[in-house]
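Any read-out appearing in this document is the output of simple, stated calculations on the displayed coordinates, not a laboratory observation. Computed from a prediction, not measured in an experiment: that's the story for all the values here. Neighbour counts are summed over all protein chains in view; Cβ atoms, including those assigned to glycine, are modelled from backbone coordinates with ideal geometry.
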Amino acid sequence: MRSHHCQFTAVQAIRYLLAPFLWIVLFASVVHLVARLGSASHGYPSASVANVVLLHQWESSARISPVDLICLGDSSCLMDVNPRQMSRALSKTADCSVLNLGTLSLVTMDSFAEMVQRSAAANPDRLQNVLLLVHPEMLRNAGKKSTMFLNEDLVYDSLACRTETVRESLVCLAGLDKLDKLMVRKIVPQPLPNNFGTYFGFVSVMHRHMDFTGGSAVDPSTFKNDQKTGVSYSADSDVLEASRRFRLKMPANIRLTLGLTPIPAVYVKSGYREEYRAMLEAWSEAIKPDAVLRDLPPTLPGTYFATHTHLNPIGARVFTKLLANSFAKTKRTP
């Protein structure tokens with residue numbers, strides 16, 4: 001039994017279909033217009049630990065703040081140095097505000113120099129010291145080379161659409177891709193992957209944590225004391241050349257200090273201390289800093305580590321205390 005029977009003309013059918021289609025066109029037009037106006041040239045990046053770190057440190061480098069000392073380097077600098085603790089330790093003799101701009105080992109030395117220049121421009125006549133602190137693995141150039149140059153296009157997600165498939169083309173035409181990058185990723189909590197997702201939960205939580213700590217982060221991994229390596233450590237020639245370029249790009253009025261972060265004592269072979277000293281001297285000779293922290297520990301107990309390149313929170317507190325004591329002997333007071 002038929003309950004309803006509807007008849008309509010072709011004109012009526014077009015009118016019924018045209019209304020929602022016009023709303024879709026209007027919506028897409030507004031999104032595309034917003035993307036073209038103002039500062040909306042880039043979108044918020046997708047949820048990953050690397051994207052959170054790069055975005056936070058890039059924006060922090062240009063932020064107006066009373067910073068006297070910047071700790072700069074790879075992810076070992078990011079994880080191993082507690083800037084709030086270091087500020088308190090160094091402020092016993094004179095006020096010293098510390099900012100951690102540690103990023104990733106894939107980030108180039110040229111990018112490190114760019115971040116210093118951005119901070120110096122944002123805080124003229126305030127920034128006094130830069131502490132370049134990297135892990136021996138970066139100096140050895142282990143694994144992937146440092147090829148990531150930080151800029152707006154890398155740190156933020158490009159609003160350019162991918163149109164390799166019909167679906168991507170339709171999503172782009174409707175403005176959904178731009179809406180996701182400009183609004184949804186900022187409003188809707190974005191979960192982080194792996195251990196960082198378990199520890200921080202969401203992108204916004206990790207971002208706020210880095211704001212609160214002055215730029216440092218936490219690696220929630222657990223180091224296994226049975227991990228060992230048989231490799232030899234020596235400074236890579238490409239890293240030394242990149243370090244020379246970094247020095248040339250440093251503002252002349254800022255004092256540069258060098259240091260290396262520790263490795264688990266159980267991870268390295270005997271004779272590592274000599275390799276550590278040789279690496280530090282070769283790096284110092286190439287970059288010609290104003291000071292070198294030669295009394296930092298080459299190794300620490302494995303219980304202080306999250307991975308062989310990152311300290312856990314307890315280890316970071318221990319190392320930061322040692323770092324502050326060592327740097328206090330060399331720093332320029334504002």
| note | Honestly the range 46-111 on the Cα gyration tensor test (a ≥ b ≥ c root eigenvalues; a/c under 1.5 rounded, otherwise a/b vs b/c for prolate or oblate) is just prolate
| task | Mind scanning Lys249/Lys288; Lys249/Lys321; Lys224/Lys321; Lys288/Lys321 and naming the pairs with a C-alpha gap bigger than 21 Å? | result | Lys249/Lys321; Lys224/Lys321; Lys288/Lys321
| remark: Final fewest-first order of Ile70, Ile263 on the 10 Å Cβ neighbour count is Ile263, Ile70
| query | What is the percent of Cα-Cα separations in the range 196-334 that go past 18 Å? | reply | 65
| request: For the range 248-322, just list the percent of Cα-Cα distances falling in each 10 Å bin from zero outward, please. | output: 18, 42, 31, 9, 0
